[in-house]
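Just so you know, all these numbers are worked out from the coordinates, no wet-lab data involved. Not measured: the values here are computed from a predicted model. Using ideal geometry, Cβ is built from the backbone for each residue, glycine included, and neighbour counts are taken over all protein chains shown.
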Amino acid sequence: MAAHPETLLNALNWRYAVKKFDAQKKIDPKTWEALEESLILTPSSYGLQPWRFLIVTDLELRRKLTPVSWGQKQVEDCSHLVVFTVKEKVDEAHVQSFINQMGKVRGVDPATFAGYQKMIVSDVVTGARSQVAFEWAGRQAYIALGNFMTACALVGVDTCPMEGIDPAKYDEILGLTGSGWKTVVACPAGHRASDDKYATEKKVRFDRSTVIKHI
């Protein structure tokens with residue numbers, strides 16, 4: 001089912017990077033379930049999904065994260081905090097798990113995908129890309145972040161993408177240190193406070209002719 005173009009543009013114009021959330025307003029469970037599904041449905045290179053999305057709702061834990069988020073209170077005032085983490089190194093076991101899942105979902109023997117599996121391993125696990133595996137996985141996380149923010153806008157949920165965090169401290173506080181998973185970026189989600197002045201500020205974007213080129 002296609003959404004009307006106007007619906008999409010209205011949602012994207014409505015959204016902004018929220019500076020102040022209403023701590024009393026929570027995202028309703030059905031809406032949040034759909035937003036989690038939007039994370040799961042995010043595309044990734046090879047379909048490998050080298051990520052885990054940590055949904056932090058515990059207030060005390062979020063308060064510990066605030067000081068290592070440049071003191072940004074959105075971390076604790078939001079309804080749900082999504083922490084985007086990725087594998088530090090993509091290994092053959094992860095690729096095998098993905099291939100097994102392909103076989104399960106599509107109802108075929110995983111061996112059917114042997115050629116595809118070999119290609120993935122020769123690139124991401126043992127090839128040149130393996131030397132920058134974490135950076136590669138991090139770029140996949142940003143695809144998920146963009147997808148999540150757009151999904152949120154379409155259902156009337158506010159977000160604030162945050163690179164202003166200390167990833168190593170996040171890893172420490174969230175128990176990720178030494179686990180093979182590392183924090184990349186975070187995104188609080190919830191509902192804007194009525195007195196967040198940034199909600200009415202006009203978006204500043206370069207003109208279409210500057211950023212769009214038809215060739």
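Worth pointing out:
- Failed criterion for G146 (all others in (1) over 30 Å from T200 (Cα atoms); (2) assigned to a helix (DSSP H, G or I); (3) of a type outside the set (D, E); (4) free of Cβ contacts under 8 Å to residues at least 60 places away in the same chain hold): (1)
- Residues being under 16 Å from V95 (Cα atoms) and charged (D, E, K, R) - total across region 37-71: 1
- For region 187-215, a residue qualifies if it is of a type in the set (A, V, I, L, M, F, W, C) and either within 24 Å of the chain's Cα centre (by Cα) or assigned to a loop (DSSP other than H, G, I, E, B) (or both), and the qualifying residues are C187, A189, A193, A199, V204, F206, I212, I215.
- Residue in region 135-146 that is over 30 Å from F21 (Cα atoms) and either in contact with an Asp or Glu (Cβ under 7 Å, 6 or more places away or on another chain) or surrounded by fewer than 18 Cβ atoms within 10 Å (Cβ to Cβ) (or both) present: yes
- Some residue of region 172-186 being in a loop (DSSP other than H, G, I, E, B) and of a type in the set (D, E): no
- Contact annotation: residue pairs with Cβ atoms under 8 Å, 6 or more positions apart or on different chains, pairing a residue in region 190-215 that is closer than 19 Å to A11 by Cα and in contact (Cβ under 8 Å) with a residue 60 or more places away in the chain with a partner that is of a type in the set (S, T, Y) and surrounded by 10 or more Cβ atoms within 10 Å (Cβ to Cβ), are G190/S79; H191/S79; Y198/Y16; A199/Y16; E201/Y16; K203/Y16.
This table checks each residue for (1) part of a loop (DSSP other than H, G, I, E, B); (2) hydroxyl-bearing (S, T, Y); (3) closer than 23 Å to L174 by Cβ.
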position	(1), (2), (3)
M1	yes, no, no
L9	no, no, no
K30	no, no, no
E37	no, no, yes
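- Just so you know, in region 39-65 the residues that are of a type outside the set (G, A, S), part of a helix (DSSP H, G or I) and surrounded by 13 or more Cβ atoms within 10 Å (Cβ to Cβ) include one that is nearest to the chain's Cα centre (by Cα), and it is L39.
- Residue check, V121 surrounded by fewer than 16 Cβ atoms within 10 Å (Cβ to Cβ) and over 30 Å from R63 (Cβ atoms): no
- Pair list, Cβ < 6 Å and 6+ apart or interchain, from region 29-49 residues that are on the phi > 0 side of the Ramachandran plot to residues that are assigned to a helix (DSSP H, G or I): Y46/I120
- Positions within region 169-198 being more than 17 Å from L81 (Cα to Cα) and buried (at least 18 other Cβ atoms within 10 Å of the Cβ), in sequence order: W181
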